[in-house]
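Worksheet: the structure to be examined is printed underneath.
The values are calculated or read from the model by the stated rules, or taken from the named source; none is laboratory data. If you're wondering where the values come from, they're calculated on a predicted model, not measured in any experiment. All Cβ positions, glycine included, derive from the backbone under ideal geometry; neighbour counts span all protein chains shown. The protein model used for the area step is the full one, side chains on, heavy atoms only, and it has no ligands, DNA or RNA in it. Shrake-Rupley method; radii C 1.70, N 1.55, O 1.52, S 1.80 Å.
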Amino acid sequence: MQNIRVRFAPSPTGALHIGGARTALFNWLFARNQGGKFILRLEDTDLHRSTLESAAGIIDGLKWLGLDWDEGPDIGGPLGPYRQSDRLPIYQEYVKQLLDNGRAYYCFCTPEELAAERSKAAEEKLNYRHHCPYRELSARQAKELLDSGKQAAVRLKMPESGSITVHDLVRGDVSFDNQLLDDIIIQKSDSWPTYNFAVVVDDYLMQISHVIRAEEHLSNTPKQLHIYDAFGWEPPQFAHVSMILAPDRSKLSKRHGATSVQEFRELGYLPEALINYLALLGWSAGEEATLLSKEELVKQFNLNNVSRSAAIYDLEKLTWMNGNYIAQSRPERLLELLYPQAFSLGWWTKPDDEYALQVVKLLQPRLKTVNQFFEQADYFFNEVGSYEEKGVNKYWRQEGAEEILAEVANIIEHTAFDANSLESAFRQRAEKMGVKAASLIHPTRLALTGRTSSPGLFEVMEVLGKNTCRQRIKSALHFVASLCQNMENKK
């Protein structure tokens, strides 16, 4: 039985993008489904762009999503180091092997010479392929040039004819013409490896069995296969997953909304919703499967159902999923997530505030993101400073508005303050007045919340409590009296 080992190998040059998170997730799901190992490796050889802050952000984002790894830069492992910047001597050793066996050579071409070649090919409308004049240089000649102080990159000797085929588990066989491939640089003049070389050495030494990565890496694969061949190594199996496109099928960018895991976290999305959503971007669990737990995803995941077609980013679907996961969450967990911002607003000062928990329970079914709580809950923690104009016009600029609020004030004083008792009292009073219960409910909701929409009025009243409801009805009566007086004066 094959020893399954997969890896997620981000470049720590920015935030964890949802495309990268989806790649990490597919690798993690495959490893867990197959009983294999999931390895985290940081490809940080781009010294000018890689930062420790980005690396920490990627690790934090993966942990927030609930993706754990068996080997990695923070936990170590038997085949490390797991940061490419710590592996320079390893790469240099393998570059030397290829130089010694004649599969690689020193290239002394200057950047200016290469740029001139490209420019000439573009002018002549030819496919550019560098034909290095140093390809057949002897080891002695190369040493003399190096000893003279000339800078050199190292190139792999590529075949100049024929083709190479990538056997892809998602896309089938994809062939590339060798004549279109340069003698690729495997080590830059600063002695650091190029991406294609480092990734092959790392994947081989870390015993990676499957490389599951984004479609944009497909063009790198023939170059990497030639490196495997130069060493005489067996390559891993490849699976290139589709791109994630915007709804207009353009490349996903900031203009389409949040695109990083950290942004979604800050906007109030739950990790399980994002995991569920990303898993279904380019993979199918069947027509009926939509809301799937991480455990269900692990059980069902396979590479056979990964689509070749581009996945379309749909924020509405993610938000719908998130609302479902919020509704299923323990209120205590939501209270914990809300606490830092609530504390900064002065809404509650201890993490286990019982009143706040009651508000969370009441609003929970209405939330699509955790952050929407702060848009919907203000009247539970602040005085009602204004009333929606459309509600004022509909419910209070009419004859009998004061009478209705006065009846509500009477109900409040003489009714047990639980939702069932309040509802019963409202309906009995409406029947006695010869009006529909809505004639009392809507003006009361406006008085207590300042809004025309809220959770069930009687549940809101129970949470607010008798004293608060009493005071707000009193304030609303003053407002309506003033309103009536102004209307009378204008007559």
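Things worth noting here:
- Considering region 144-176, the residues that are β-branched (Val, Ile, Thr) and part of a strand (DSSP E or B) include one that is farthest from residue 213 (Cα to Cα), namely 154.
- Number of the condition not met by residue 304 [criteria: (1) under 29 Å from residue 202 (Cα atoms); (2) open to solvent by 60 Å² or more (accessible area, probe 1.4 Å); (3) in a loop (DSSP other than H, G, I, E, B)]: (3)
- Test for residue 417: is it open to solvent by 40 Å² or more (accessible area, probe 1.4 Å), under 30 Å from residue 328 (Cβ atoms) and modelled with pLDDT of 95 or more: yes
- Selection within region 96-111: residues that are more than 17 Å from residue 159 (Cα to Cα) and of a type in the set (D, E, K, R). The member of this set that is nearest to the chain's Cα centre (by Cα) is 96.
- Scan region 224-249 for residues that are open to solvent by less than 60 Å² (accessible area, probe 1.4 Å) and either part of a helix (DSSP H, G or I) or under 27 Å from residue 25 (Cβ atoms) (or both) and the total you get is 17.
- Hey, residue 60 at pLDDT 95 or above, farther than 28 Å from residue 266 by Cβ and under 24 Å from the mean Cα position of the chain (by Cα) or not: no
- Which listed residue, of 423, 336, 354, 388, is closer than 21 Å to residue 454 by Cα, open to solvent by 80 Å² or more (accessible area, probe 1.4 Å) and at pLDDT 95 or above: 354
- Residue 362 open to solvent by less than 50 Å² (accessible area, probe 1.4 Å), of a type outside the set (S, T, N, Q) and in contact with an Asp or Glu (Cβ under 6 Å, 6 or more places away or on another chain): yes
- Whichever residue in region 431-456 is under 19 Å from residue 478 (Cα atoms) and among the basic types (Lys, Arg) and, among such residues, is surrounded by the most Cβ atoms within 10 Å (Cβ to Cβ): 445
- Residue within region 313-324 that is farther than 23 Å from residue 269 by Cα and aliphatic (A, V, I, L, M) present: no
- Residue identified as without any contact (Cβ under 8 Å) to a residue 12 or more places away in the chain, out of contact with any Leu (no Cβ under 6 Å at 6 or more places or on another chain) and surrounded by fewer than 16 Cβ atoms within 10 Å (Cβ to Cβ) among 284, 309, 344: 344
- Subset of region 177-193 (residues that are part of a helix (DSSP H, G or I) and open to solvent by less than 40 Å² (accessible area, probe 1.4 Å)): 178
- Residue 174 being open to solvent by less than 40 Å² (accessible area, probe 1.4 Å), touching a residue at least 60 places away in the same chain (Cβ under 8 Å) and under 26 Å from residue 27 (Cα atoms): no
- Residues that are closer than 25 Å to residue 373 by Cα, of a type in the set (A, V, I, L, M, F, W, C) and buried (at least 21 other Cβ atoms within 10 Å of the Cβ) do not occur anywhere in region 479-488.
- With a requirement of 1 or more residues that are in contact with a His (Cβ under 9 Å, 6 or more places away or on another chain) and open to solvent by less than 40 Å² (accessible area, probe 1.4 Å), the helices (runs of 4 or more DSSP H) lying completely within region 1-107 that satisfy it span 18-34.
- Any hit, region 457-467, residues being among the aromatic types (Phe, Trp, Tyr), closer than 22 Å to residue 392 by Cα, surrounded by 18 or more Cβ atoms within 10 Å (Cβ to Cβ) and more than 43 Å from the chain's Cα centre (by Cα): no
- Meets criteria (open to solvent by less than 50 Å² (accessible area, probe 1.4 Å), closer than 16 Å to residue 451 by Cα and part of a helix (DSSP H, G or I)) for residue 395: yes
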